[in-house]
Amino acid sequence: MAARTQEKYQVRFAWGTGGAARIAPGTHLVVWVDVLPASAAHDGPARRRALRAVAAQVPDGPEVVLGHLGNATAVAERVTRLQAERGDRCVVAIVAAGRHHAPGDDAAEAAGEAADVPDAPDFAVEDLLAAGAVVDALAEVGIDHTSPEAAAACAAYTGLRRAVKHLVSASEAAAALAPADVHAALAVDGQLETLRESSSRA
């Protein structure tokens, strides 16, 4: 079992499903941040299946929602509703998907299959900035007991706020996609998509 970290903080941040295993236990909401689609999952149905498969790997208990650059406010509103429902604070784990590179996964992608790769995601600027946007939105509604990791993501976003779309469009992940896919990802609306309902009554 992965060692639990950031336990004393209300807002936590980590990378990939391995990071989720460390910071999600004891939380009430997991925000899986994945801004740009993987090359094998551009279309809607394939992307939804891939996201729900990832959500199934998050430790049992918390609700899992999708975070991106357009819905940070909706995430913050969901957290405040959960706090009102609970009558207590809502602990949030923000998990950036990152990028995966594994030897030989090109063939799997060409076949439309998920590559079997260890959870060691590369840095993805688009996911870092979107995670920071979520942390910033939470701080705006008074939820600011953040871990150092979450605070650093927030500082990246607030410091680069005016250049976010340019940076994402010029990123390594964007270069691997068709311009139309990048544009669609940046233009996505502010709705909150639930990837997995909570299985906990805590």
First measure r as the distance between the Cβ atoms of ALA84 and SER199, then evaluate 1/(1 + (r/R0)^6) with R0 = 25 Å and state the FRET efficiency to the nearest 0.05. 0.75
Scan around ILE143 for amide H atoms under 5 Å from its own, H built in the peptide plane at 1.01 Å from N, and keep only partners 5 or more places away or cross-chain. none
Fluctuation leader among GLY159, GLY132, GLY61 - the chain, Gaussian network, Cα springs under 10 angstrom: GLY159
Provide the convex hull volume over Cα atoms per residue for the chain, in Å³. 113
3J(HN,Hα) from dihedral phi, the stretch 153-159, Karplus parametrisation 6.51/-1.76/1.60, rounded to Hz, x for glycine, proline: 4, 4, 5, 4, 5, 5, x
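Which percent of the accessible heavy-atom area of the chain goes to carbon and sulfur, probe 1.4 angstrom?
Ligands and nucleic acids excluded, carbon and sulfur reach 51 percent.
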Sequence order, the stretch 137-151: Karplus ³J(HN,Hα) from phi using 6.51 cos²θ - 1.76 cosθ + 1.60, θ = phi - 60°, Hz rounded, Gly and Pro as x, gives 5, 5, 4, 4, 9, x, 9, 10, 7, 9, 6, x, 5, 5, 5
Which one, PRO37, PRO62, PRO179, has the greatest fluctuation when you compute a Gaussian network model over the chain with C-alpha springs under 10 angstrom? PRO179
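Taking a probe of 1.4 Å, how large is the accessible area per residue of the chain, in Å²?
Counting only protein heavy atoms, the per-residue value for the chain is 49 Å².
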Can you compute the helix-only [θ] at 222 nm over the chain? Use -39500 (n - 2.57) per DSSP H run of at least 4 residues, normalise by all residues, nearest 500 deg cm²/dmol. -12500 deg cm²/dmol
Taking a crude spin-label model, label points 7 Å out from Cα along the C-beta direction, the ARG161 to GLN191 distance in nm is 2.8
Compute the long axis of helix 72-86 from its Cα atoms, compare it with the longest principal axis of the Cα atoms of the chain, and write down the angle in degrees, 0 to 90, nearest 10. 40
Around GLY67, what is the net charge, scoring Lys/Arg as +1 and Asp/Glu as -1 over all other residues with Cβ under 11 Å from its Cβ? -2
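The values are calculated or read from the model by the stated rules, or taken from the named source; none is laboratory data. Since this is a predicted model, take the numbers as computed values, not measurements. Quick reminder, even Gly has a Cβ in these numbers, built from the backbone with ideal geometry, and neighbours come from all protein chains shown. The accessibility values were calculated without ligands, DNA or RNA, using every heavy atom of the protein model including side chains. Shrake-Rupley method; radii C 1.70, N 1.55, O 1.52, S 1.80 Å.
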